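For reference, the structure discussed in these notes is given below.
Derivation of every value follows stated rules applied to the coordinates shown; laboratory data play no part. Since we're looking at a predicted model, the values are computed, not measured.
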Ligand code: C2E
Ligand code: MG
Ligand code: MG
Ligand code: MG
């Protein structure tokens, strides 16, 4: 199929296929220029201590406002960026931007940064973390890198060594969306993750009285405890879910109930309000 094959002849045969391939091509073109066009920004979602409900961290979440396509959700552009390897430069920007913002927060507030497998297996990944920390003055202890189980699917050895390098710097590493992908129980033995993030689907299941979801959350919490790891429950949307999660002994909670992803300015205001309340 030549690029400049014009007209509707393909549309007649496979309209949806043609439209989506064409849409994807356009999206990819725009994504290629999104960094230089300054179209990305980060939102920050609070992670709170399950017991005290104090904000202990914010997760940095990429947002793309495309001049051509409007707001494009991360669920759409992150996979495209991964397929095209554009996630490597985009991820570098995220790392640098998130560290710069976190350096403005009080020392007790950490930042969580998502890293894709394609970024992790770049030979200079650890060096790019060192650079981001040096340029922003952020202490490594305040950074928690989030990876999903999928990093151990391919190039497991490379991914593991990169994570060990990052841990040697003093950063922490969390296992994101736990329970949804390839089982990485073997990696729990080999790598000292700081946190296991229990996927939202289990929280949802548990709040719908699913005995299986409840059992899985309890088992993950027990396993994390004995491995000296903490747990974060993702996607907590209601007070009932927050109470249920707390009663099961999760360490931290993240979700719309405690705060949606917000702008950097809103995150700063949230920290300020909380510090005022604490000193009052
Ligand atoms: P994630 O790392 O698991 O991030 C949590 C996602 O759950 C976020 O979606 C967040 O907005 C959403 N969420 C949080 N609390 C709730 C809740 O109570 N209810 C519901 N329904 N959703 C909740 P978001 O921002 O759309 O990001 C989706 C995914 O895109 C992320 O999942 C992450 O895998 C990826 N992503 C986002 N930013 C980056 C980035 O900078 N780099 C990389 N590599 N991936 C990113
Ligand atoms: Mg995450
Ligand atoms: Mg997650
Ligand atoms: Mg996810």
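Looking only at 233, 206, 168, which one moves most when the chain is put into a Gaussian network model with springs between Cα atoms under 10 Å?
Highest fluctuation among the options: 168.
How much length is gained if the chain between residue 154 and residue 68 is pulled fully straight, taking 0.36 nm per residue apart and subtracting their Cα-Cα distance, in nm to one decimal?
Values: separation 86, 0.36 × 86 = 30.96 nm, distance 3.41 nm.
Answer, rounded to one decimal: 27.6 nm.
Only helical DSSP H runs with n ≥ 4 go in: add -39500 (n - 2.57) per run for the chain, normalise by residue count and round the 222 nm mean residue ellipticity to 500 deg cm²/dmol. Numbers along the way, then the final one.
Details: 12 runs with 137 residues, N = 280.
Helix contribution divided over all residues of the chain: -15000 deg cm²/dmol.
Using a Gaussian network for the chain with springs between C-alpha atoms less than 10 Å apart, which of these wobbles most: 135, 254, 119?
Between 135, 254, 119, it is 135 that shows the largest mean-square fluctuation.
Rounding to the nearest 10 and keeping the result within 0 to 90°, find how far the Cα-based axis of helix 211-226 lies from the longest principal axis of the chain.
The angle comes out near 70 degrees.
In degrees from 0 to 90, rounded to the nearest 10, what is the angle of the helix 87-102 Cα long axis to the longest principal axis of the chain?
40 degrees
Taking a ≥ b ≥ c as the square roots of the eigenvalues of the Cα gyration tensor of the range 99-212, is the shape rounded (a/c under 1.5), prolate (a/b larger than b/c) or oblate? Kindly include the intermediate steps, with their values, before the conclusion.
Values: a/c = 2.50, a/b = 1.38, b/c = 1.81.
Here the range 99-212 falls in the oblate category.
Would you give the gap between the C-alpha center of the range 176-200 and the C-alpha center of the range 47-98, rounded to a whole Å?
Result: 20 Å between the Cα centres.
Using a Gaussian network for the chain with springs between C-alpha atoms less than 10 Å apart, which of these wobbles most: 149, 83, 101?
For the chain, modelled as a Gaussian network with Cα springs under 10 Å, the answer is 83.
Thinking of the chain as a set of Cα atoms, what percent of all their pairs are more than 35 Å apart?
Values: 8378 of 39060 pairs.
Percent of Cα pairs beyond 35 Å in the chain: 21.
Report the equivalent ellipsoid semi-axes for the range 131-280 in whole Å, largest first, defined as the square roots of five times the eigenvalues of the gyration tensor built from alpha carbon atoms.
So the three semi-axes of the range 131-280 are 25, 25, 13 Å.
Any idea what angle helix 74-84 forms with the longest principal axis of the chain, computed on alpha-carbon atoms, 0 to 90 degrees, nearest 10?
60 degrees
Length gain on complete extension for the stretch residue 192 to residue 37, per 0.36 nm per residue less the alpha carbon to alpha carbon distance? Intermediate results must be reported in sequence, preceding the final value.
Details: separation 155, 0.36 × 155 = 55.80 nm, distance 3.87 nm.
Difference between extended and current length: 51.9 nm.
Semi-axes of the equivalent ellipsoid of the range 8-136: what are they in whole Å, largest first, if each equals the square root of 5 times a C-alpha gyration tensor eigenvalue?
Values: eigenvalues 228, 59, 33 Å².
Gyration-tensor ellipsoid for the range 8-136: 34, 17, 13 Å.
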